[in-house]
Structure formats: C-alpha cells, structure tokens
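A.B. asks: Just passing along the structure, written as structure tokens.
Each value in this text was obtained by applying a stated rule to the coordinates, not by laboratory testing. This is a predicted model, so every value here is computed, not measured. Positions of Cβ are backbone-derived with ideal geometry, glycine not excepted, and every protein chain shown enters the neighbour counts.
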Amino acid sequence: MAMLIKNACEILTMKDGIGVVKDASILIENSRIKTVGKVKTDKKKLETINAKNCVVCPGFVDSHTHLVYGGSREDEFAMRVSGVDYEKIARAGGGIANTVKMTRKATKQELYNQGKQRINNIIKHGTTTVEIKSGYGLSTPEELKMLRVINKLKKDSVLDIIPTYLVHTVPYQMKRRDYIDLVREEMIPEIAKKKLAVFCDIFCDKIAFTKKESKKVLLKAKEFNFKLKIHADEFANVGGARLAAQLNCTSADHLLYTTKSAIKAMKKSGVIPTLLPGTSFFLQIKKKPYIKAYKSTECPVAIASDFNPGSCMIYSMPKIISLACIVYGMCVEDAIIGATKYGAKALDLFDKIGSIEKGKQADLVILCVDNYKKIPYYFGEDIVKYTIKKGRIIYGKNR
Ligand SMILES: [Zn+2]
C-alpha cells in the first residue's frame, strides 16, 4: 500500500539543521519514504492525506521515560506545591520508594494495562518511538517483572519500544555494596540471558550511586553487550557526564550541573546529551543546563519527556519542545531537532528513523500549524492531526 501526503506547507526533513522544504509532498511505499518534494506517481492504490496548512515532521522520539509504574503520587504533588520539601516527603515514605511499593504490589496484567493506556496517550501527541525504563522493582524478580511487561508492550504495540534496565536506587534495608553486587552478579547476567533490555542505565548522582559505583555497574553491563545510558549530574556535578564520555555511553541524561569541559568530552566521544525540561518545570528546579556551551561547542542535544509518576507527568513531546524553549532557552529549531533526529541518535536508531529522507521508515507526524515556529508557540493546544507509523495512520482527527 502506498500513501501520498500532499500540499504540506513545510516538511521538516532534518537535513542540514531543521531542513525545511516548502509546499511539498511525501510519497510512502512499503512503509518507507520514497520521495520528498515534488511527487509524481501513477499508483492506482494510493491513500492520500491532504496536509494543506500543515507541517510534517519526523515522528517524535521520546528517548527517556519511566512509563511503566504502579500507583500514582498526587498526594506528594499536593504536599510539594504547598511547600513541603522533597526530603521530608521522602522520609515519610514518598519519592521513588513509594512507586517501588506500588509497582511491586501491582500484577503484570495491571502494569500492562496501565502502560498500554499511556502508550495510546503518547501516540495522540505524535510520539512514534519510545524508550521505557525498569527501575521500580529493585529486586531480581521485580525488575524482571517490569521488563517482561515492557517487552510485552513492545511486542503488542504499533510503536517501536526500546526497553532499558535501570539501576535506580538502593532498596530499603539493603546495604549499597550488596545491592551493587546483586546488580552485577545476578540481575545483569539474568536480564542479558533473557534478552529483556537493549540499554543498561544507572542513576549517578549525589542522592543515588557514586561515579565509582556507576562505573562498576556499567562496565559489567558492557561485558554483557548492553548499550549504555546514564542519569547524570541532575542534583550535583559528580562527574556523570565525564564517565559517560569515558565509557562511550550512547546518551547521558539530565545534565543540569554539567560543565563546558564535560560537554566537550561528551561531544568528542559521541555521547548524545539528553535534556529533560519537563522535569525542571514540573519540580520548579531553578538550575538550568549550560545551553550556551552546547551551542558554542556545536554539541548536538536530544530532548525527552522523562515521563514518570514523581517528577514529570508530561508525556506530550510538543509540550516538551515548548518547555525546552521556555524553561531552558533552547532555540525553536534545536528543540525540534532534539525531539526527532537527536532523540533517534540517543537510542542509536538514526539509521532507521529521526529524519524525513528516502529509505527511512515512514514515521511521521502531521501538525495543524502552517510553520514550524508555531509548534512550541501553540503551547496550550493539541496540534497533532495525524500520527503515522511505518506508513500507516495510527492516530488521526478530522478537523
Ligand atoms: Zn529518568
């Protein structure tokens, strides 16, 4: 089956920057992009979408989420906004520990059903590829449970889902040394044997694992052929970004305290820095990433949602693009490129997705705006008209 998307005001190809092609069409054949620009076709069986007054963009790639979890934390949210500080909430059993408790309590079927609902929601906001982390299990059977749910969603969903094993925090009443040993000697080999995750990720920060502990875990994961990610420098500069550069991680994420020299190091070793503006906004964190240094070093930047029940309940990538501009001061072009091309690179999938060019998988989003600057500008509006995955409409409204 072939598809023609015609009369688009702008097609954002991601070639040499954002790569705008005006007044153009896209021909899709066998789930791949065949032609971009002026399309001539004599195909009889052709599904046609009129993209008049619309912008066509690569499907959004959300490269950092914690989309599978049990329960919800609105009580903590209410406490936090009325001025109770996070440490006090954590001491009262809140924070990650709370989600761990509720995730352990949930059955696989419950986690699956909720996960599926959330995936249906992100499709409506134009996401076509999503990474999902474990990390609320904190024991071998519970982490395996989470990863099995993520893999079942991956199998059943029309989206591309990338599973990540996240070493999130030390479980209650366990010594950190013992937990690191458990992760290295039991969890990593077991998850590798069952092929349940593509990436291994660790929370390297002053409130989580040290640089030394993170290195030990990631090196073990590397031995078992995991690709690597790291939650780095969110609450303090503990050298997480430098470690990412040293170990050639695919991405390093958060990076609020990362310095210019660490940014240079990441660029040199090909790490994709991934910024999460939704979290900064949702938690009202004042510290901002060093955007000017990314610009001056010409270091590419991905942006992602970090969707999770504690620190960011935003799963809409158009909103995340807006927040990258409003909260972090990224320019419009960089924010859109970060949510598509560099999101794909942060998952090591740019050979397949993340741009609109001949041969790429036809993952596209058609937006009801007539130029790309309106994408972040229309902050309060749902601008997604169609979401297209592998050349098939998976979401669409007639308006
Ligand atoms: Zn995260």
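A.B. asks: Taking 0.36 nm per intervening residue step and subtracting the Cα-Cα distance, what contour gain separates residue 31 from residue 45 on full extension? Present the calculation step by step, with values, prior to reporting the outcome.
C.D. replies: Working: separation 14, 0.36 × 14 = 5.04 nm, distance 1.43 nm.
Value of the extension gain: 3.6 nm.
A.B. asks: Let me ask something else. Where does helix 108-124 land angle-wise versus the long Cα axis of the chain, in degrees 0 to 90, nearest 10?
C.D. replies: Computed tilt is about 40 degrees.
A.B. asks: Which of the residue pairs 40/227; 145/374; 15/374; 116/216; 22/44; 288/389 have a Cα-Cα distance greater than 31 Å in the structure shown? Provide the component values of the computation, followed by the final result.
C.D. replies: Numbers: 40/227 42 Å; 145/374 42 Å; 15/374 20 Å; 116/216 34 Å; 22/44 26 Å; 288/389 34 Å.
The pairs that break the limit, which is 31 Å between Cα atoms, are 40/227; 145/374; 116/216; 288/389.
A.B. asks: Let me ask another. Could you please tell me the mean projected area of the C-alpha convex hull for the range 315-365, averaged over all directions and given in square nanometres to one decimal? Mind dumping the intermediate values first?
C.D. replies: On the way: hull surface 15.1 nm².
Taking a quarter of the hull surface, the average projection is 3.8 nm².
A.B. asks: Given just the C-alpha atoms of the range 16-79, how large is their convex hull per residue in cubic angstrom?
C.D. replies: On the way: hull volume 14.2 nm³, N = 64.
Roughly 222 Å³ of hull volume per residue.
A.B. asks: Still on this model: Rg(Cα) of the range 242-340 divided by 2.2 N^0.38 Å? If you can, show how the numbers build up before the last one.
C.D. replies: On the way: Rg = 12.6 Å, N = 99, 2.2 N^0.38 = 12.6 Å.
Computed over Cα atoms of the range 242-340, the ratio equals 1.00.
A.B. asks: Using the alpha carbon gyration tensor of the chain, what are the three equivalent-ellipsoid semi-axes (square root of 5 times each eigenvalue), largest first, in whole Å?
C.D. replies: On the way: eigenvalues 245, 98, 85 Å².
One finds semi-axes of 35, 22, 21 Å for the chain.
A.B. asks: Place a label point 7 angstrom from the Cα of residue 331 along the Cα-to-Cβ direction, then list the residues of the range 295-314 whose backbone nitrogen is under 20 Å away.
C.D. replies: Taking a point 7 Å out along Cα→Cβ of residue 331, the residues of the range 295-314 whose backbone N falls under 20 Å are 295-304.
A.B. asks: Moving on. For residue 357 and residue 117, what does the FRET efficiency come to when R0 = 41 Å and r is the distance between their Cβ atoms, rounded to the nearest 0.05?
C.D. replies: Details: r = 33 Å, r/R0 = 0.81.
Step by step, r from the Cβ atoms, then E = 0.80.
A.B. asks: With each run of n ≥ 4 DSSP H residues scored as -39500 (n - 2.57), what mean residue ellipticity at 222 nm is computed for the chain after dividing by its residue count and rounding to the nearest 500 deg cm²/dmol? Intermediate values should be presented prior to the final figure.
C.D. replies: Details: 16 runs with 141 residues, N = 399.
Mean residue ellipticity at 222 nm (helix-derived): -10000 deg cm²/dmol.
A.B. asks: Ordered by residue, what ³J(HN,Hα) values in Hz, to whole numbers, does the range 303-308 give under the Karplus form 6.51 cos²θ - 1.76 cosθ + 1.60, where θ = phi - 60° and Gly and Pro are x?
C.D. replies: 10, 8, 7, 6, 3, 6
A.B. asks: Determine ³J(HN,Hα), in whole Hz, for all residues of the range 323-335 in sequence, where each value follows from phi through the Karplus function 6.51 cos²θ - 1.76 cosθ + 1.60 and θ = phi - 60°; x replaces Gly and Pro.
C.D. replies: Values, residue by residue: 5, 4, 6, 6, 8, 9, x, 7, 6, 3, 4, 4, 5 Hz.
A.B. asks: Report the dimensions of the range 263-399 along its three principal axes from the alpha-carbon atoms, largest first, rounded to Å.
C.D. replies: That gives 43, 34, 30 Å along the principal axes, largest extent first.
A.B. asks: At R0 = 35 Å, how high is the FRET efficiency between residue 108 and residue 285 if r is their beta carbon distance? Nearest 0.05 is fine. List each step's numbers first, then the result.
C.D. replies: Working: r = 34 Å, r/R0 = 0.97.
The value I calculate is 0.55.
A.B. asks: Antiparallel as a % of all DSSP beta bridges within the range 60-346, to the nearest 5? Numbers along the way, then the final one.
C.D. replies: Numbers: 1 of 29 bridges.
Percentage antiparallel, nearest 5: 5.
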